[in-house]
Structures are given as C-alpha cells and as structure tokens.
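Each remark here refers to the structure printed beneath this line.
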Amino acid sequence: MANYTISLGKPKSLQQILYVAQIMLKEFNLLVSTSRGYERHASSELRFLFEKMGETSPAVDRTGISGLIAAKTNMDAVEAVRQFRTILLKSPYEFRFILRIIPIEKVVPTDLDLIQQAVAELTPKIGENETFRVTVEKRFTTTHTKDIIEKVAANIKRKVNLTQPDKIILIEIVGGLTGVSVAKPDDVLSVLKEKLL
C-alpha cells in the first residue's frame, strides 16, 4: 500500500528526539503547519481565530519542529476544523500564516504497537461499505512508512482506495509522540487550496 509521506529529515540524535517530545504539548488535538520561521506568527493567528470561535482557553505550543505547532482545545477537533473553514470562507484575509490544520483524536508514544492499538480503537468509524487510505507524515523518526502502514492496516477489513477514500487514517508522527485520527478527506483544512476554490 503506497502512500503520501512527508519526511522532514532524520533526527540528528536521540537528544533531538527527546527535546522535541519535552517542549511540546503532550496532549494535543490539532496540528497546525506554517512556513518555517513563522511559528510565532501562526501561533498568534491561531489564538486569535480560537477567540473568534469563542474558545477562551486553548493551549498552543511549539513542537520543536520548524513549521509545526501543536494545539489543544476543549472543542471536538473536527468541529474546530469546520469552524476554522467557516471563518476562512467568510474572511480569508484572517489566515496569513496558517497553512494546514489537522484534527487529532488520539495521542500515543511513537511505538508501532501503540499506534496500531490507537488505530484499532478508531477503526469502527470506517463503515462496512466505506473505503480507506492510510496517510503517514513523519517528523524526527527513523520508523519506515511502509512498516507503519503494514502494521496499522493489517487488521482493517475494509477496501483500500488510495485516490478517493471515504475515510483517511491519519498518522502524524512528531518525534516521540504520534497523533492518530480517522477522518473524512475534508476534515483536514488546507488553507491555500481552500483560498483557490
């Protein structure tokens, strides 16, 4: 099962992986990407957008990885993405630094067995007649994408559709932590793509 993968480089050392895991939120339900060097601006923009949505106490933090921010909101992550999309459609100029917003349903240590277990807990969200794809984005890990996909997809008794799946199993590896979701393709907000529509 081939798949789309973004790898932002191999870790230089175990200390680098541990540093990433130490400085970021341990429990996040959104990952937000921005251009490298604009993390501070994107964090401020994200807080402003949360405030516009009525979310008064979100946690927004660096991940230690260029261009990536972690956030924790009291809102359901998918609902938060929908509200961000509504703001984007009404006021596209509000999004100057945020590039993508990805909902996360579970966060586990970066371990193949724990990732598989998290996916298994979310698999019931894929209906019997629905198709799926596994999408892996790796940051600061030496784990191979193929190994991750084979491990998590092995026990899923649904058809695979790599081009137009009904659901996407999102596996977002951020050093020592991994965010996992089972989402519809439009549950991820791609700001530039939406602005072009």
Mind listing which trypsin sites (Lys or Arg not before Pro) in the stretch 118-182 are in a DSSP loop and have 10 or fewer other Cβ atoms within 10 Å? Lys157
Within the chain, helix-based [θ] at 222 nm, where runs of 4 or more DSSP H residues each add -39,500 (n - 2.57), nearest 500: -10000 deg cm²/dmol
Least to most buried among Thr123, Thr135, Thr163 (fewest other Cβ within 10 Å first): Thr163, Thr123, Thr135
With the cut-off at 27 Å, report for the chain the share of all Cα pairs above it, as a whole percent. 27 percent
Could you line up Phe48, Phe97 from fewest to most neighbouring Cβ atoms inside 10 Å? Phe48, Phe97
Using θ = phi - 60° and the Karplus form 6.51 cos²θ - 1.76 cosθ + 1.60, what ³J(HN,Hα) does each residue of the stretch 46-53 get, whole Hz, x for Gly and Pro? 5, 4, 4, 5, 4, 4, 4, 7
Looking at the chain as a GNM with Cα springs under 10 Å, which of Glu55, Glu150, Glu128 has the largest mean-square fluctuation? Glu128
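Rounding to the nearest 20 debye, state how big the charge dipole of the chain is about its Cα centre with +1 on each Lys and Arg Cβ and -1 on each Asp and Glu Cβ.
520 debye
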Check the straight Cα-Cα distances from Lys72 and name the lysines below 21 Å, setting aside those fewer than 8 residues away within the same chain. Lys26, Lys52, Lys106, Lys138, Lys184
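The numbers here are math on the coordinates, done by the rules we state, and not lab data. Since we're looking at a predicted model, the values are computed, not measured. Ideal geometry is used to build each Cβ from the backbone, glycine not excepted, and the neighbour counts take in all protein chains shown.
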